[in-house]
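Below is one structure, written out as structure tokens, with a few remarks after it.
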Amino acid sequence: DTGVSQDPRHKITKRGQNVTFRCDPISEHNRLYWYRQTLGQGPEFLTYFQNEAQLEKSRLLSDRFSAERPKGSFSTLEIQRTEQGDSAMYLCASSLGVDPSDTQYFGPGTRLTVL
Amino acid sequence: AQSVTQLDSQVPVFEEAPVELRCNYSSSVSVYLFWYVQYPNQGLQLLLKYLSGSTLVKGINGFEAEFNKSQTSFHLRKPSVHISDTAEYFCAVSPRGYSTLTFGKGTMLLVSP
């Protein structure tokens, strides 16, 4: 069990560029979550997958954001036409089962800076 | 909808002193309650969670929390803190039957010698 990993750890981009982040959950974890954390705030839920199905999306997830989990393993989060307001830490978490009380294990995050 | 209020943004305390980090929540439905800790440059780590049963929950690293339904609170306590407990602590809730966590803004615990 190597934990949840995220790549890259840091990303600096210019406004208007597209960026993609990757999350590798703990092996055999069925659920995968994306959260966003801005400075001085707690994480905010963006979306989650059960296996390859995207089950819920937050209103925070604008049309410029898209997430996939094509084979039910790793996931990608893409932001198109980045804006300065997208600067944040993007967190990924995974949980073993489908029970809502299952512990979510978090990765170290990808810090995005949009210039 | 749910919301979480962490009343203190920073709590300074001396080593070996007791500490309480406060958390209040608002929800129209029953919830699960969680405390997570975030050390610098590390991911969030679960300290403890309340699902049902005994209102006093014991977690890792000597922390415990008490669920108070009438006061809609879930305060975190430790009887004697260490320098290594310096970190940011987040309270979170999820509605029963749902998987999404709603977090508070966090409380920075600063332990000094």
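Every number in this text was worked out from the coordinates using simple rules, so none of it is lab data. These numbers were taken from a predicted model, which means no experiment stands behind them. A quick note on method: Cβ atoms are made from the backbone with ideal geometry, for glycine too, and the neighbour counts reach across all protein chains shown.
Taking only alpha carbon atoms, the protein assembly as shown gives an Rg to Rh ratio of 0.97, where Rh is the Kirkwood radius. Using the Cβ of B:Gly62 as centre and a radius below 14 Å, the other residues enclosed give a net charge of -2, where K and R count +1 and D and E count -1.
Coupling constants for region A:46-63 follow from the phi torsions by the Karplus curve (6.51 cos²θ - 1.76 cosθ + 1.60, θ = phi - 60°), and in residue order they are 10, 6, 8, 10, 10, 6, 8, 8, 7, 8, 8, 10, 6, 5, 5, 7, 6, 5 Hz; glycine and proline get x.
With contacts taken as Cα pairs under 8 Å at a separation of at least 6 residues, chain B carries a relative contact order of 38 percent. Of the two radii for region B:62-101, the radius of gyration is 1.05 times the Kirkwood radius, both from the alpha carbons; that is the Rg over Rh value.
Between region B:12-70 and region A:39-115, how many Å separate their Cα centres? Region B:12-70 and region A:39-115 have Cα centres separated by 24 Å. Net charge in the neighbourhood of B:Met108 (other residues with Cβ under 9 Å of its Cβ; Lys, Arg +1, Asp, Glu -1) is -2. Considering the dipole of the protein assembly as shown built from charges on the beta carbon (Lys and Arg +1, Asp and Glu -1) around the Cα centre, which of B:Met108, A:Gln80, B:Val81 is farthest to its positive end? Value computed over the given set: A:Gln80. How much of the DSSP beta bridge set in chain B is antiparallel, as a percent to the nearest 5? If I count the DSSP bridges inside chain B, around 85 percent turn out antiparallel.
Largest first, the extents of the alpha carbon coordinates of chain A on the three principal axes equal 38, 25, 25 Å.
Please report the projected area of chain B's Cα convex hull averaged over all directions, in nm². Answer in nm², one decimal: 6.7. Placing +1 on the Cβ of every Lys and Arg and -1 on the Cβ of every Asp and Glu, with nothing else charged, gives chain A a dipole about its Cα centre of roughly 560 debye. Ordering of B:56-66, A:19-29 by packing is A:19-29, B:56-66, highest average first (other Cβ atoms within 10 Å, averaged per residue). Here the protein assembly as shown is treated with +1 on each Lys and Arg Cβ and -1 on each Asp and Glu Cβ, and its dipole about the Cα centre works out to around 540 debye. Dipole size in debye (nearest 20) for chain B around its Cα centre, Lys and Arg Cβ +1, Asp and Glu Cβ -1? Here the size comes out at about 440 debye.
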